[in-house]
Amino acid sequence: MKTTLLITHDRINWYGAYILTIRETLRFLRVYHQTIIAPIVSAMIFLSIFLLSIGSTKNSINNIPFLDFMGYGIIMMSIIQSAFSNSSSSLIMSKVVGYIIDLMIPPFRGVEIVVAYSIGSVIRALMVGLGVALAMTPFVNFYVYHPLLLVFFVLASSILMSILGIVAGLISNSFDHMAAVTNYVIMPLSFLSGTFYSVKSLPWFLQYVNHVNPFFYIIDGFRYCFTDVADSNISTGVLMIGVSNILLFYLTTYLINIGWRLKG
């Protein structure tokens, strides 16, 4: 069977993508206490723990008030974790339960699946991010220096993590495999990103590792929008996230079209 990476407007089944997006959105809304409320509660617990443990002895990080520094990082971490979790859990569940075959027959192809899963993940990520931000409003100051950059980092980062979630779902054939991908890849990169500290405090070799860590640019770019202070080159972060999105979109679409790790 001949496959191609060419994607044109008239070949995309937008109605099919729309229906699949609705399904993905309703899927996480049915268990909103787990997909929306739980991440908000977890974020507030994180903020409380750090405030109680070191808040009284540390007033600022990079001249940013401690609570603000932590709050911005936790909000963005909640956003990207929700985006990744939504697409990865949906795909691995369809493979384990067996209804993945419904996506492998017409009218769905790789582009519709990737678009629908990504939009569903972005919607969940935005709901979680907004909820966390509202919950932190009494404790964290919000003043946006770069509104357009903020929109870019939130949307582009959510899309990037949703596509990475699809890739993780393709790689994994069980929940154990998914847990391994999360624990050995996603979590280490997340905790190296500077969510809870300035990366300048890391050993020099870990600082170099962060130069190719997209999580670092995501967290730092998001925080920069509120503080006008960055540990990285913002233009480099924008370029890296944008290029990664494009490359991963075409790669994931191609892998789904050829049925990689989807067909028995």
Summing -39500 (n - 2.57) over every DSSP H run of at least 4 residues in the chain and dividing by its residue count gives a helix-only mean residue ellipticity at 222 nm, to the nearest 500 deg cm²/dmol, of -22000 deg cm²/dmol
Note, R27: beta-carbon cut-off 14 Å, +1 each Lys/Arg, -1 each Asp/Glu, net +1
Percent of all Cα-Cα pairs per 5 Å bin for the chain, counting from 0 up to the last occupied bin, reads 1, 6, 13, 17, 19, 16, 12, 8, 5, 3, 1, 0, 0
The orientation-averaged projected area of the Cα convex hull of region 84-151, in nm², is 6.4 nm²
Of the DSSP H helices in the chain, the ones reaching 20 Å or more along their long axis in Cα terms and averaging at least 0.0 in Kyte-Doolittle hydropathy are 14-29, 38-54, 66-97, 110-136, 147-171, 234-257
Counting sequence-distant residues (5 or more places) and residues on other chains, those with an amide H built under 5 Å from that of I61 are F66
The orientation-averaged projected area of the Cα convex hull of region 70-194, in nm², is 8.5 nm²
Expected sort for 207-213, 166-172 on mean C-beta neighbours within 10 Å, highest first, is 166-172, 207-213
Most packed first (mean Cβ within 10 Å per residue), the peptides 33-39, 214-220 order as 214-220, 33-39
With R₀ set to 45 angstrom, the calculated FRET efficiency between the beta-carbons of Y99 and Y145, to the nearest 0.05, is 0.45
Counting every C-alpha pair in region 196-256, the percent lying more than 13 Å apart is 65 percent
Given 231-243, 138-150, the highest-first ranking by average Cβ count within 10 Å works out to 231-243, 138-150
Expressed as a whole-number percentage, the relative contact order of region 9-257 with C-alpha contacts under 8 angstrom and at least six residues apart is 27 percent
Checked region 117-184 against the a/c 1.5 cut and the a/b vs b/c comparison, axes a ≥ b ≥ c from its Cα gyration tensor; verdict prolate
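Read-outs throughout are calculated quantities, based only on the coordinates presented, and are distinct from any laboratory measurement. Everything numeric here is computed off the predicted structure, so don't read it as measured data. Glycine gets a Cβ as well: all are built from the backbone with ideal geometry, and neighbour counts include every protein chain shown.
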